[in-house]
Each structure stands twice: as C-alpha cells, then as structure tokens.
Protein chains: 2
Amino acid sequence: MSTPGPRRTTIKDVAELAGVGVATVSRVLSGGSASAETRERVLDAATKLDYRPSALGRNLRQQRSGGVALLVPDITDGFYARLCDGVLSCARSYREPVTIGVTGDDAEQEADLVGGLLEQSMDRIIAVPTGDGEMWASAVRAGLNVVFADRRVWSPGQHARALDEVPAVLTDDRAGLRTAIEYLTGLGHRKIGFLARQGMSHRVAAFREVMGDLLDDDLVVFARASRDSAYAAAAGLFQRRADLTAVIAGGNMLGEAAVLAARELYVRIPRDLSLIMFDDVPWAELCSPPLTVIAQPASDVGYRAAELVLRHGRRPRTVSLPTELIVRSSCAPRR
Amino acid sequence: MSTPGPRRTTIKDVAELAGVGVATVSRVLSGGSASAETRERVLDAATKLDYRPSALGRNLRQQRSGGVALLVPDITDGFYARLCDGVLSCARSYREPVTIGVTGDDAEQEADLVGGLLEQSMDRIIAVPTGDGEMWASAVRAGLNVVFADRRVWSPGQHARALDEVPAVLTDDRAGLRTAIEYLTGLGHRKIGFLARQGMSHRVAAFREVMGDLLDDDLVVFARASRDSAYAAAAGLFQRRADLTAVIAGGNMLGEAAVLAARELYVRIPRDLSLIMFDDVPWAELCSPPLTVIAQPASDVGYRAAELVLRHGRRPRTVSLPTELIVRSSCAPRR
DNA sequence: AATGATGATGGAATCGTTTCCATGAGCACT
DNA sequence: AGTGCTCATGGAAACGATTCCATCATCATT
C-alpha cells in the first residue's frame, strides 16, 4: 500500500539534535523568549532536519484549525468569483488556506456547510449569507468568527443583538441604485422593473425605497439561483408588462437573461427597453449593445472581508465600498 | 475575551453516559462491530448529548487531514470557475471540505501552495498543473494523492515514472482543435493564428500537430495570465500579420481580448477575420457577433476529477472528455 | 469436562504540538 | 551572606480521536 517511509521529523527530533527540550524548540519557533545561543542551535537543527511543524498537532492543541472558510451563493457567477479571488489573495499573504463552499442561495445547504465547518473546528468564516438569521445567530454564539460580505443579516429577535455586532463589507447598493434610477428617470422612464434573485432582499429594499412614488410592486420579480429561472423571470416580466420601458438587473446572470429574453421576444435594447445591470463584467462591453452597468469592486469586497477576519484587531462595524455607474449603450430616452 | 463556555462534548462523555468504554463508542460510530444493544445505547447517548466528533482529534490520529485541495490558475476565468463548481458539487456529496488555491499559472506560487498543503497534511489534491514536472514528481513521491485536471504534466527524466501514473481528467483538445481547423480550412482559410497563454503548451502542441503543413510558427503567440497581456498579444498579432484571416483563441480571456483588439483596430469579425474561441461561456452568444466556440464540459472535468481523488478505487489512468464545436457567427469564408 | 474458537469490550498508547508549572541559575540589593 | 527577582529551561499534561492488545464470556467441538 502506502510506503511506511521514514517517519516525518517532529519537534522531538529537533529538540534532540539541538540538545534542548521540546518546549524550548516550540518557544523558539513561535517567537517566544530564549537565549541567543539556544535560538541559534534550535534554528540550525531545524533547518538541518528540514523540519516543518505539523498543522495537525498544533490544531488539536489549540482547539481550532487554521484557515478561513468562505461561503458564496455561486462561484460560477463572475461577481462571486472575483470576490473569492479577493479573499484568496489576501489570505495568501497570511499563508492561510481557504476552504470554499457554495450555498446556491439555499438556507438549508448553508446550514449544512456551517455545520461541517464547526465539525472541522474552523472558527473564521466569511459569508455571503442567505436568509435565516437564527442560524447565523447561533453560529456566532457558538464562537464562530463571522464576517459578512456583499450583504448582511440582522438579528431575528429584537433582543438578540448577536448579529448586529458582526462586521460586514458591503457595496453601496443604495447609492448605485439611486444613480441608476436618476439616470433612467432623467431619460424619461417611469415604469422601471427590477429583476432580482432570491437572497437579494437588501437590494430590492433599496430599489423600493429609492423608487418612492414611482414604485410599482408588480414590476419587481424574483428568480431562483439558476440560469433557467433567471430567463423565465425576465421573459415573464417582459411579456406580462408591455408598458415596461426600463429594467434593472440585480446581477449579471439576471442581466444575461434579460438580454437573451429581450432578443427572443424581439424587444430591442435600448430602443424598446433600457437595461442597466448590476456588476460590471468584461463581456458587458462586448455585448450587443454594450451594457450600462453599476460596477462593484467585487475583489475589494473579498479582500477587505478577509482582512477583517484575519487581522481581527479593532475593527469597524461595517465598511461600505462605492459603486459606479458606467454608461455604455443599453439605455435610451423613452419614446 | 472569548467565553470559556461549556467544554465541547467529547467521545469520553458519550462513553460515560452510555456506560461503555471510549473504544466501543468509536467503533460504533465508525461502523465497527458491536452488539445490537450496545450500539443502541451508544447511539442514544450520542444523540442525547448532541455529540459531534472532532475532526481535529481524528486528523491527528490518522496523520492526515480530511478534505481535498484544488489548485487552479485563475478562479476568475469562467472555465476554471465551472471546474471548481464541479469539484465542489462532487465533494459535497462526500461531505468533504475543499480548499482552493490559485496559482496564476506561476510555478513558484504553485510550489508554495503545495508546500502549504503538505504542512496541513492534506494528502489529496486536484490540480491544473503549471510547469515543473520536478516539483510534482517529488510531491507524489511524498505520498500526495494527485489528480490532474484540464492538463497534465509528464515525468521530467525518462527514468522517473512517478508522474505518468497520476490519473488525469482532460478534455479532448486535439479533436476539438481538429474540428475547428477543418471548419476553418473548409471556409478557405490558410493563415490561421493561435492565441495561447503560458501553460497551454499542450494545446499549442495539438495545434501545431493538427495544422501540419499549414503551420506558420510566427502565428502562434503567447500571453501571460493577465487581461492586459492577452490584449497586447492579440493586438500585436493582428497588427504584425495583416495576412491573417482566422484565429483561434485558446481560452475565453484570450477570446475576449481578441474581440476587443479587433474592434479597436477596425478589424471586422467575421468579415476580415474569423474567430473561434476555446470554451463556451454564456456571453459568447450575447457577443457581437455571437462567437463560434469549442465547448468544453468544464464542470464535468471537475466532477470526475473529484470522483477520482475521493473514491480512490481502481481508477483509470486518464479520462478524456469530448469537446464540441458550436457554430455561431464569428466565422466566414475567406474573401 | 476440557479445549479452542469467536466476538464483544475496555484500557492504554499514540499522533505532534503548545503551554503550564517547577526548577535552577544568575544577578542586584540590602 | 542572605533574600528576592527575573529569566531561560525542560518535564509533563493537555487536546480528542483511533486502534492495538489483552481480557473475558459464550459456545461448539472433541
């Protein structure tokens, strides 16, 4: 089977070669106090034996496994892929491994995943949460070190304040939405739709608030976290409400679906329908027509979240990163 | 600071409550032999205490941490994102956590990452390798359980056969390329370029082989793993060789760059230049013009690779998944 | 009835680290 | 010289599981 091989070199071997106790080796290697001479002898021995501390032993002793967990709804979505990339790049500089799980925007899967992490004694986690504040509250009570990214979750009961203390890195959806809506109304649009995905309630809330008097609740539709569902939602909206003249897609999968559905239904963009999509992706520029988007610093969101969870120093409650409206050619004046 | 809290319930607590020894509890929980009555008592106690075995203890004892590691060049690239998704979805059904690292197609970073994994005693890894057979050979000699995905690496020396035993899940690049090239030559194209990225030597080799007499080595160009570099490579090629009538992009970042560069240089697709891109992505259809692509089952590649590394049964040396040419509107007859 | 085989069981060792605590040396000050 | 203080140091005890091994009961066979 597997070769029995030469046993891996342990701290004990180093101690022996250096002629000191294991405790001393441990102290030297983790930056404790020791005399200069001892330190040198230990370091020498360690390099001579090519000693690498076993994370396993350390983890058991410290009752926590290193590394960070990262939970995103869908890694295939360009936005979350970039968010992951940001986390990964920050974690790399701390030499911390990152464990990724996808929740599919499903509360049950999310709970499962978190359960698994607890079992692994992972105590640091960055999450794009999907619903169920109860679950998250109990997780932080269990000692989990949570940072929310992209969206957050509030404490369910008005007495439990556990979640309100959880730091979060968000994008300024509201401002982005406001700019976008102002742009559209400036072009004369009044009937503005919103394509959302389950779990985007924060964005929907912001949309409702910013729209104010203009809001027509029949114009906001929800899709599940699949391509097909997004398409169905977009097509359904376009067919049902012929009076629609502009639509905002809550994410790039929704935007994709909107373009596709419009094409299928002979709705011309931007002549018949103006479209603004959340999140700038490389293909938005390549699309026909090039899409006007609300750009989000996805990678920064990930990076900052990782910093928060890894540095763990005094940390601000919540940081909000700016969005930017990038005007291309998918919006036109209402005709 | 952190609440000392009630100690987590250990196997010992369960043993005590059930009135048996810890060894028995362990056996029952991991499916060993035990009398029906004992089994029941143990299971009862376990549920009553809401006992969850600590992965830490197990890991240390077994000298290996569970889970799988996954190394990809760039998680932001749609292809690798889907590959990750495939791995994650398979791993989920085994309840195994997945640790992801991005190599950026850089051998040094790759080696770093693998070193880190060794330190964590991760012994199962799925990798899209980038260069340096030496490093991978020593990794498998160290007992690492490697499965290559998307591309593989051969043993450096002709005597060391370590790597040739490593299973791999690949896509049939050669066939895809052959079909694409036949399609292009059928349209009358003779000067066909290839846009590659560092680390795509397998694909370049296949291109060279399939092109045969038609090959003009000056028409294959390499980019580094960044968007800018891809753009520069494409633009450079288009300017340098005005006689070029068709080009194949080795990945979707390259394809993106090609479309952009062509647009910038007033090269019309497909009128002046036919384009085929490796890997079908949702936006290929939305692009103007819609792109003809060589589709690859990215998610399946990941899924199968995960199966291979997790089931670990008798396993085929290498599996090759089919590609498919999807004809859209980015190719036209040579004029 | 004596012997052997089988199977369930629990005690104890083990994995590799960190950290608590006791020890002893060195030094300053009275 | 004696007292007290600060250090460096090493032994040993965790951490929580798995698994080796010895023990004991039960039962079948001679």
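Normalised by residue number, the volume inside the convex hull of the Cα atoms of chain A is 181 Å³ per residue. Once the chain from residue B:10 to residue B:288 is taken as fully extended at 0.36 nm per residue, the excess over their C-alpha distance is 94.0 nm. For region A:192-274, the list of chymotrypsin sites (Phe, Trp or Tyr not before Pro) that fall in a loop by DSSP and count at most 13 other C-beta atoms within 10 angstrom reads A:266.
You can think of it this way: the chain between residue B:271 and residue B:213 has 18.4 nm of extra reach, that is 0.36 nm per residue less the Cα-Cα gap. Counting only Cβ charges, +1 for Lys and Arg and -1 for Asp and Glu, the dipole size of chain B around its Cα centre is about 700 debye.
What does the buried accessible surface come to for A and B, summed over both chains, with the probe at 1.4 Å? Round to 100 Å².
Answer for the A-B pair: about 3900 Å² buried.
Modelled label positions at residue A:222 and residue A:321, each set 7 Å beyond Cα in the direction of Cβ, lie 2.7 nm from each other. Other protein chain C-beta atoms within 10 Å of residue C-beta, averaged over B:114-126: 3.
In region B:69-92, burial by the other protein chains removes 10 Å² or more of 1.4 Å probe accessible surface, compared with the chain on its own, from B:75, B:76, B:81, B:82, B:85, B:88, B:92. Surface composition of the protein assembly as shown: carbon and sulfur make up 50 percent of the accessible area, probe 1.4 Å. The protection proxy used here, the mean number of other Cβ atoms lying within 10 Å of each residue, ranks peptides B:196-202, B:183-189, A:274-280 as follows, highest first: A:274-280, B:196-202, B:183-189. Where in region A:220-247 does the label zone of residue A:191 land, with the point 7 angstrom along Cα→C-beta and an amide N cut-off under 11 Å? Inside the label zone: A:238-246. Sparse packing (at most 12 other Cβ atoms within 10 Å of the Cβ) combined with a DSSP loop state is found for the following trypsin sites (Lys or Arg not before Pro) in region A:216-273: A:268, A:271. Largest first and in whole Å, the equivalent-ellipsoid semi-axes of region B:11-53 read 14, 10, 9, each the square root of five times a Cα gyration tensor eigenvalue.
For region A:173-296, the solvent-accessible area works out to 37 Å² per residue, with a probe of 1.4 Å and every protein chain left in place. Between residue A:23 and residue A:335, the simple label model (points 7 Å from Cα in the Cβ direction) yields a spacing of 8.5 nm. Shown here for region B:34-111: trypsin sites (Lys or Arg not before Pro) in loop regions (DSSP other than H, G, I, E, B) with at most 14 other Cβ atoms within 10 Å, namely B:95.
Averaged over the residues of peptide A:54-63, the number of Cβ atoms from other protein chains lying within 10 Å of each residue's Cβ is 6.
Taking all protein chains into account, the per residue accessible area for region A:40-140 stands at 39 Å² (1.4 Å probe).
In whole percents, the pair-distance distribution calculated for the protein assembly as shown from its alpha-carbon pairs, binned every 10 Å from zero, is 3, 14, 22, 24, 19, 11, 6, 2, 0.
Entry note, chain A: the mean residue ellipticity at 222 nm calculated from DSSP H runs of n ≥ 4, each adding -39500 (n - 2.57), is -13500 deg cm²/dmol after division by the residues and rounding to the nearest 500.
FRET efficiency for the residue A:311 to residue B:205 pair, using the beta carbon distance and R₀ = 35 Å, is estimated at 0.15.
The lysines whose alpha-carbon is closer than 16 Å to the alpha-carbon of residue B:48, local same-chain residues fewer than 8 away aside, are B:12.
Connecting C-alpha atoms closer than 10 Å in a GNM of chain B, tell me which of B:313, B:66, B:255 has the biggest fluctuation. Sorting by GNM fluctuation, first place goes to B:313.
So, R0 is 51 Å and r is the distance between the beta-carbons of residue A:44 and residue B:239; what FRET efficiency does that work out to, to 0.05? My answer for the efficiency is 0.35. Placing unit charges on the Cβ atoms of the charged side chains and taking the dipole of the protein assembly as shown about its Cα centre, the candidate lying farthest along the positive direction among A:153, A:57, A:104 is A:57. If you run the Gaussian network model on chain B, springs between alpha carbon atoms under 10 Å, then out of B:169, B:309, B:20 the most flexible one is B:20.
The values are calculated or read from the model by the stated rules, or taken from the named source; none is laboratory data. The model shown is predicted, which means the values in this text are computed figures rather than measured ones. All Cβ positions, even for glycine, are placed from backbone atoms using ideal geometry, and neighbour counts span all protein chains on display. Quick note on the areas: whole protein, heavy atoms, side chains included, nothing else; ligands and nucleic acids left out. Shrake-Rupley method; radii C 1.70, N 1.55, O 1.52, S 1.80 Å.
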